[in-house]
Amino acid sequence: MGIVKQNFGKIPDGTPVDLYTLANTQGLTVKITNYGATVVSLEVPDRDGNPGDVTLGYDSLEDYISGPCYFGCIAGRYANRIGGGRFRLNDTEYILAQNDGQNHLHGGIQGFDKAVWQAREIENDDGLGLNLSYLSRDGEEGYPGNLSVTVVYTATDKNELRIEFNAAADKPTIVNLTHHSYFNLAGAGAGDTLGHELMINADRFTPVDRTLIPTGELKSVKGTPLDFTRPTVIGARLDSGDEQLQIAGGYDHNWVLNKDAAGPCLAARAFERDSGRTLEVYTTQPGLQFYSGNFMENQIAAKAGQIYNHRGGFCLETQHFPDSPNRPEFPSTVLDPGSTYEHTTIYKFATE
Ligand code: BGC
């Protein structure tokens, strides 16, 4: 079984973009475009063996270029928010785009989700893969230093989508990369995801201010609707009146992951009863942003004639904590020349 490569159109400057299809031997098929290193679809079997596409996306490149949701992309150079769109590093202040109110979000106006990456097909012992690389130039979107980034997607024979992130810089800079698929384990387009059960392996989260920037506190989830230490239906506590949920219009928070090993640890597990599909997320990252699709509009025209409504998908974004460049007490997102940024995240599918 090889990788199939198809034309996926051209961006406005004429650069061609491709769509790669990777299948494993167990019924997992993933389509990835080198525009934004974006997962366009991901099919996995339900408990009866029927395949279903469980990630949200579009059919056309034009929709990815204009769409506001960051469906399936790699967000960077700094995924998530930086307060006020500015940070200091080694006594220099860097000014970034304020593309989310006064804050910086997902790398700015032309983030990594809007870049055309170089693609190389690979095959290793675990399965077929796609090696995507991108050189983010010194000064791009206001960030210091040339940053060379590699993201390797592998469709493993254990029904995992494994993502290996790598980056190196020639000047001190900051980096925080995440994968931004929206999942609906009942199948993309099959209504909202409020009935999914979710477990997040975290005893603490980072509460946010009214603009979704962490206050700096690492707060216990105990007694709050952010406690997902036991599997809980996503929609069960959305209307609890909790201030954090009101600020974000639902869940849009970073959890401080419990870590019990150096390698990828279990961060979250989702389960959808009708299909029987489960999704486990493992990562080496310290944080997980669980976003319940609160800013999704109703009636988004999407791939294969699907219509997505409010909360039609949720994201489990493994990453460093939001606004870390302005929070010396958080795990550092600084990358110095000579060091390598290396992370692994695994999305593992099964049924029960
Ligand atoms: C953020 C949301 C944001 C969304 C954009 C998520 O990663 O947490 O606040 O609206 O991305 O698609």
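The values are calculated or read from the model by the stated rules, or taken from the named source; none is laboratory data. As the structure is a prediction and not an experimental result, all values here were calculated from the model. Glycine gets a Cβ as well: all are built from the backbone with ideal geometry, and neighbour counts include every protein chain shown.
Remarks
- Qualifying residue in region 218-236 (condition: touching a Gly at 6+ places or on another chain (Cβ under 7 Å), at pLDDT 95 or above and over 23 Å from Tyr70 (Cα atoms)): yes
- Sole residue being under 27 Å from Lys348 (Cα atoms), surrounded by 15 or more Cβ atoms within 10 Å (Cβ to Cβ) and out of contact with any strand residue (DSSP E or B) (no Cβ under 8 Å at 6 or more places or on another chain), chosen from Leu198, Leu245, Leu238: Leu238
- Only a single item in (1) within 16 Å of the ligand (Cβ to nearest atom); (2) farther than 23 Å from Thr333 by Cβ; (3) touching a residue at least 40 places away in the same chain (Cβ under 8 Å) is not met by His253, and it is number (2).
- Among the candidates Thr340, Thr351, Thr333, Thr344, the residue that is modelled with pLDDT of 95 or more, surrounded by fewer than 16 Cβ atoms within 10 Å (Cβ to Cβ) and not acidic (Asp, Glu) is uniquely Thr340.
- Evaluation of Gly107 against (1) surrounded by 23 or more Cβ atoms within 10 Å (Cβ to Cβ); (2) in a strand (DSSP E or B) (one fails), failing number: (2)
- Pair list, Cβ < 9 Å and 6+ apart or interchain, from region 295-311 residues that are under 12 Å from Gly191 (Cβ atoms) to residues that are among the β-branched types (Val, Ile, Thr) and outside any strand (DSSP E or B): Arg311/Thr193; Arg311/Ile234
- Residue match in region 35-50 (condition: out of contact with any Leu (no Cβ under 9 Å at 6 or more places or on another chain), of a type in the set (Asp, Glu), over 25 Å from Arg311 (Cβ atoms) and assigned to a loop (DSSP other than H, G, I, E, B)): yes
- Subset of region 58-72 that is part of a loop (DSSP other than H, G, I, E, B) and more than 13 Å from the ligand (Cβ to nearest atom) - its residue that is nearest to the chain's Cα centre (by Cα): Tyr58
- Scanning region 123-153 for residues that are without any contact (Cβ under 8 Å) to a residue 40 or more places away in the chain, surrounded by 14 or more Cβ atoms within 10 Å (Cβ to Cβ) and among the aliphatic types (A, V, I, L, M) yields a single hit, Val152.
- Taking region 179-288 as the region of interest, the strands (runs of 3 or more DSSP E) fully inside it that hold 3 or more residues being over 30 Å from Gln98 (Cα atoms) are 197-200, 265-271, 277-283.
- Residue check, Thr351 among the β-branched types (Val, Ile, Thr), touching a residue at least 40 places away in the same chain (Cβ under 8 Å) and in contact with an Asp or Glu (Cβ under 7 Å, 6 or more places away or on another chain): yes
- Counting the residues of region 73-100 that are assigned to a loop (DSSP other than H, G, I, E, B), closer than 20 Å to Ser181 by Cβ and within 11 Å of the ligand (Cβ to nearest atom) gives 2.
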